[in-house]
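J.: Could you have a look at this structure, given as structure tokens, before my questions?
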Amino acid sequence: MKSLIISLTVVCLYLSFSANSFAGDKEDVLALVNKNIDAFNKQDYKTYWSNFADDNTEFPYVGSTLRHNAAMWKNFIEGTASLAYVNYHQQDEHVQVYNGNTAVVTAYFTFMWQEKGGLMNYQSGRASMVLVKQDGKWMTVHMHFSKMFD
């Protein structure tokens with residue numbers, strides 16, 4: 001009986017330790033996502049791109065064609081530099097970490113932009129991201145944006 005109690009205690013401690021280490025990963029992932037949002041809003045593309053894998057993919061908000069060429073996403077993001085105003089915001093973010101090296105982030109987003117001399121534009125919807133840990137650093141490998149309702 002004593003060995004059973006010791007075994008259960010060891011298992012509980014292990015599970016508690018595992019959950020706590022993944023909780024740290026969740027915080028790290030969320031910090032990276034927020035750092036990227038801030039870099040985008042400040043048009044700090046060097047910081048923004050430093051958190052993406054070279055082969056990242058993306059489903060854009062409009063249209064359903066998978067962009068599996070990271071250069072297409074880069075052209076879109078850096079093209080926002082010509083706008084008078086851009087602001088991307090996420091809320092209700094939820095982070096799930098699997099095996100300590102893969103994370104899924106889901107959220108609702110709003111995106112506002114204004115062309116020079118133009119009206120303010122607004123989109124809102126759902127966003128999901130997949131991140132993987134490469135050489136100890138979380139990197140975004142996929143993003144998906146969709147409308148709330150048609």
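A short reminder: the numbers here are calculations on the coordinates, not readings from a lab. Just so it is clear, the model here is predicted, and its values are computed rather than measured. When we count neighbours, we look across all protein chains shown, and the Cβ atoms used for this are built from the backbone with ideal geometry, even at glycine.
J.: For segment 43-150, just the Cα set please: Rg and Dmax, both in angstrom.
T.: 14.5, 49
J.: Right, here's the next one. Could you list, in their original order, any pairs among Lys42/Lys147; Lys42/Lys133; Lys35/Lys137; Lys35/Lys147; Lys42/Lys74; Lys116/Lys147 whose Cα atoms are separated by more than 22 Å?
T.: As for pairs spanning more than 22 Å Cα to Cα, those are Lys42/Lys147; Lys42/Lys133; Lys35/Lys147; Lys116/Lys147.
J.: Simple spin-label model, 7 Å along Cα-to-Cβ: Gln43 to Thr110 in nm?
T.: That separation, rounded to one decimal, is 2.3 nm.
J.: So if we plug the beta-carbon distance of Tyr85 and Asp135 into 1/(1 + (r/R0)^6) with R0 = 35 Å, what FRET efficiency do we get, rounded to 0.05? Present the calculation step by step, with values, prior to reporting the outcome.
T.: Details: r = 36 Å, r/R0 = 1.03.
E between Tyr85 and Asp135, to the nearest 0.05, is 0.45.
J.: Can you give the extra length, in nm with one decimal, that the chain gains between Met72 and Asn101 once fully stretched, where that is 0.36 nm per residue apart less the Cα-Cα distance?
T.: 7.8 nm
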